[in-house]
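Novice: Sharing a structure here in structure tokens format.
The values are calculated or read from the model by the stated rules, or taken from the named source; none is laboratory data. Just so you know, these numbers come straight off a predicted model, no measurement behind them. A quick note on method: Cβ atoms are made from the backbone with ideal geometry, for glycine too, and the neighbour counts reach across all protein chains shown. These area figures cover heavy atoms from the full protein model, side chains too; ligands, DNA and RNA do not enter into them. Shrake-Rupley method; radii C 1.70, N 1.55, O 1.52, S 1.80 Å.
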Amino acid sequence: MNTQQGTRLRFTKMHGLGNDFVVFDGIGQSIALTPEQCRRIADRHFGVGCDQILLVEAPTRDDVDFRYRIFNADGGEVEQCGNGARCFVRFVHDKGLTDKTAIRVETASGVIEPRLLDNGQVTVDMGAPRFAPAEIPFTVEAEAPTYALKVGQHVLDIAVLSMGNPHAVLRVNDLDSAPVDILGAAIESHARFPQRVNAGFMQVLTPHDIRLRVYERGAGETLACGTGACAAAVAGIHQGWLQSPVSVHTRGGDLVVEWAGKGQPVTMTGPAETVFEGEIEL
């Protein structure tokens with residue numbers, strides 16, 4: 001059943017490095033949002049304003065603590081969100097929904113394990129990256145370290161992988177002058193990505209430091225993207241450009257990503273902040 005018009009819902013506004021969220025407790029109140037309601041909540045002029053809406057729900061299985069659903073600003077539901085995962089564990093802890101500092105959370109793409117550290121930072125075990133084109137999904141004849149992608153008059157050399165959601169990573173010499181809006185939109189909606197893709201633009205500073213901007217699927221460029229930071233670090237390590245741990249400098253702040261190699265899980269550490277509490281009438 002969808003949430004009825006005229007219903008008042010309590011929410012918490014949060015952000016991870018400026019990647020901002022409206023978080024709803026779907027355990028203490030019954031919530032089923034329509035795409036139209038999501039778009040209205042996410043609208044920065046007529047609603048609360050956010051990149052994504054996060055819905056905390058009771059688990060559907062015995063081996064996890066919570067279920068986690070993510071809706072983009074355009075109303076579409078997606079599989080994964082790294083910055084959101086950090087906000088998730090802070091939210092359930094601050095709201096008294098659990099006293100655990102480490103929780104197991106069910107998502108559309110599998111189980112993640114965020115952990116609240118003593119210093120207030122949050123570490124998330126994001127699981128192992130997936131490179132098989134069919135699992136991303138990405139239309140190509142065979143798996144390769146990088147792929148040539150024709151975008152307009154350009155042929156881009158991109159790394160493609162899944163962090164529970166699809167990512168394309170492009171290395172650039174100068175991030176400030178990179179045409180993130182134009183190229184990002186073209187990559188995001190490219191025909192070879194049947195479920196669209198998050199487009200990351202990475203500038204390598206040292207083997208342990210990168211700068212990153214991400215054009216997110218369904219949200220446009222955001223100030224930070226947690227799964228994008230993981231994807232960029234993994235792509236760089238996979239190419240031999242980077243070594244773990246990698247500090248990822250986004251426009252919203254810094255994340256640290258660690259990865260021991262193929263088949264191993266990726267861990268991401270960074271902040272999660274609560275901005276304000278409120279109510280919205282839908």
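Novice: Determine the per residue accessible area of the range 95-240 with all protein chains present and a 1.4 angstrom probe, expressed in square angstrom.
Specialist: Numbers: 6090 Å² over 146 residues.
Accessible surface, normalised per residue, equals 42 Å².
Novice: Once a ≥ b ≥ c are taken as the square roots of the eigenvalues of the Cα gyration tensor of the range 13-134, is the result rounded (a/c under 1.5), prolate (a/b larger than b/c) or oblate (a/b not larger than b/c)?
Specialist: rounded
Novice: Just grab the label-to-label distance for Ser189 and Phe46, each label 7 Å out from Cα along the Cβ direction, in nm (one decimal).
Specialist: 2.1
Novice: Of the heavy-atom accessible surface of the range 1-136 (probe 1.4 angstrom), what whole percent is carbon and sulfur? Don't skip to the end; give the middle numbers.
Specialist: Numbers: 2600 of 5870 Å².
Carbon-and-sulfur percentage of accessible area, whole number: 44.
Novice: Give, in nm to one decimal, the length gained when the segment between Lys150 and Lys95 is fully stretched (0.36 nm per residue of separation minus the Cα-Cα distance).
Specialist: Working: separation 55, 0.36 × 55 = 19.80 nm, distance 4.75 nm.
Gain on stretching Lys150 to Lys95: 15.0 nm.
Novice: Shape call for the range 115-196 from the C-alpha gyration tensor, a ≥ b ≥ c root eigenvalues: rounded (a/c under 1.5), prolate (a/b greater than b/c) or oblate?
Specialist: Here the range 115-196 falls in the oblate category.
Novice: Can you tell me which lysines have their Cα less than 16 Å from the Cα of Lys13? Leave out same-chain residues fewer than eight positions away.
Specialist: List returned: Lys95.
Novice: Rounded to the nearest 500, what is the chain's calculated 222 nm mean residue ellipticity when only DSSP H runs of at least 4 contribute -39500 (n - 2.57) each, over all residues?
Specialist: Values: 4 runs with 44 residues, N = 282.
So the helix-based figure for the chain works out to -4500 deg cm²/dmol.
Novice: Right, here's the next one. For the residue pair Asp176 and Thr60, what label-to-label distance in nm results when each label sits 7 Å from Cα along the Cα-to-beta-carbon direction?
Specialist: 4.8
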